[in-house]
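Peer 1: First the structure, which I've put down as structure tokens, then a few questions once you've had a look.
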Amino acid sequence: MPPKAAGGKSKQIQASKAAAKGSSHGGAGRKKWSKGRSREKLNNAILFDKETYAKLLKEMPTAKVITTAVVSERMKCNGSLARKAIRELLSKGLIKQVIKGHGNGVYTKAQ
């Protein structure tokens, strides 16, 4: 059997596939799905060490608005630890409560 001639029948098949693809769906082709947006993974602490706890006691009572999200972001701790820290600052009288919500609250400095 002699070797096949390059580009003979395969070019005809490719041309017919391209024509069929171009005619379907107005030439749009297949839908390209986006990858979606991925957030950077935070490596927040689950326990306070001595330096972070000292920083909490020093910085947070001077903040104008104190919420769970603010404490978590500034101290690089997770949300449950931030809620416990707010409760402790409140019990020590370093901050005062402004708004009490069901799951969250807004606090400010005690002055």
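Peer 1: In the neighborhood of Gln111, defined by Cβ-to-Cβ distances under 15 Å, what is the net charge if each Lys or Arg adds +1 and each Asp or Glu adds -1?
Peer 2: Neighbour charge sum, excluding Gln111 itself: +4.
Peer 1: Among Thr62, Ala45, Trp33, whose Cα sits farthest toward the positive end of the charge dipole of the range 32-71 (+1 at Cβ of Lys/Arg, -1 at Cβ of Asp/Glu, about the Cα centre)?
Peer 2: Toward the positive end, the furthest listed residue is Trp33.
Peer 1: Right, here's the next one. Under the 0.36 nm per residue contour assumption, what length would be gained going from the current alpha-carbon distance of Lys100 and Ala69 to full extension?
Peer 2: 9.7 nm
Peer 1: Please report, in whole Å³, the volume per residue of the convex hull around the C-alpha atoms of the range 27-73. Walk me through the intermediate numbers first.
Peer 2: Working: hull volume 5.8 nm³, N = 47.
Dividing the Cα hull volume of the range 27-73 by its residues yields 123 Å³.
Peer 1: Another question, then. When Lys and Arg each count +1 and Asp and Glu each count -1, what net charge do the other residues less than 14 Å away from Ala82, Cβ to Cβ, add up to?
Peer 2: Result for the local shell: +3.
Peer 1: Asn43 label point, 7 Å along Cα→Cβ, cut-off 15 Å on backbone N: hits in the range 78-101?
Peer 2: What the label zone holds, given the 15 Å backbone N cut-off, is 78.
Peer 1: One-quarter of the Cα convex hull surface for the range 64-111, in nm²? Don't skip to the end; give the middle numbers.
Peer 2: Numbers: hull surface 12.3 nm².
Mean orientational projected area (the range 64-111, Cα hull): 3.1 nm².
Read-outs: derived from the displayed coordinates by stated rules, not from any lab. Just so you know, these numbers come straight off a predicted model, no measurement behind them. FYI the Cβ positions are ideal-geometry reconstructions off the backbone, even for glycines, and counts take in every protein chain you see.
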